[in-house]
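The values are calculated or read from the model by the stated rules, or taken from the named source; none is laboratory data. Here the structure is a predicted model, which is why all the values come from computation and not from measurement. Methodologically, a virtual Cβ is constructed for each residue, glycine included, from the backbone with ideal geometry; neighbour enumeration extends over all protein chains shown. Note: accessible area is taken over every heavy atom of the protein model, side chains too, but ligands, DNA and RNA are not part of it. Shrake-Rupley method; radii C 1.70, N 1.55, O 1.52, S 1.80 Å.
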Amino acid sequence: MQMQTHTTPLQPCQLPDERLVMLEEVDFKWLMAGQGWWIDTARLHSDPSYATHLLDLVEATQSVALKDCAALLRAQVGIRH
């Protein structure tokens, strides 16, 4: 039996899964809190310079988990380093 697949111009894997981004944001928020850095979630979503600044702060930490989380979050939301 031959199956036909339907393709669209934008494949789902090309767009960030909003659920995964949300989970990365929650991880990021808690890992940052563990370093003493509190996150304004509303501002994180509305102010690109604030988001970039927070992600840049990660470079000052020794936390591998936080660095990994920040790298994933950067990639998922398209913020360059």
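Within the stretch 30-63, the set of residues being outside any loop (DSSP other than H, G, I, E, B) and of a type outside the set (A, V, I, L, M, F, W, C) comprises 34, 41, 43, 45, 46, 48, 49, 50, 52, 53, 56, 59. Out of the stretch 15-31, which residues are open to solvent by 70 Å² or more (accessible area, probe 1.4 Å), closer than 10 Å to residue 69 by Cβ and either touching a helix residue (DSSP H, G or I) at 6+ places or on another chain (Cβ under 8 Å) or among the basic types (Lys, Arg) (or both)? Once the filter is applied, which keeps residues that are open to solvent by 70 Å² or more (accessible area, probe 1.4 Å), closer than 10 Å to residue 69 by Cβ and either touching a helix residue (DSSP H, G or I) at 6+ places or on another chain (Cβ under 8 Å) or among the basic types (Lys, Arg) (or both), the stretch 15-31 yields 27, 29.
Selection of the stretch 32-70 for residues being touching a residue at least 24 places away in the same chain (Cβ under 8 Å) and either in contact with a strand residue (DSSP E or B) (Cβ under 7 Å, 6 or more places away or on another chain) or open to solvent by 80 Å² or more (accessible area, probe 1.4 Å) (or both) yields 35, 48.
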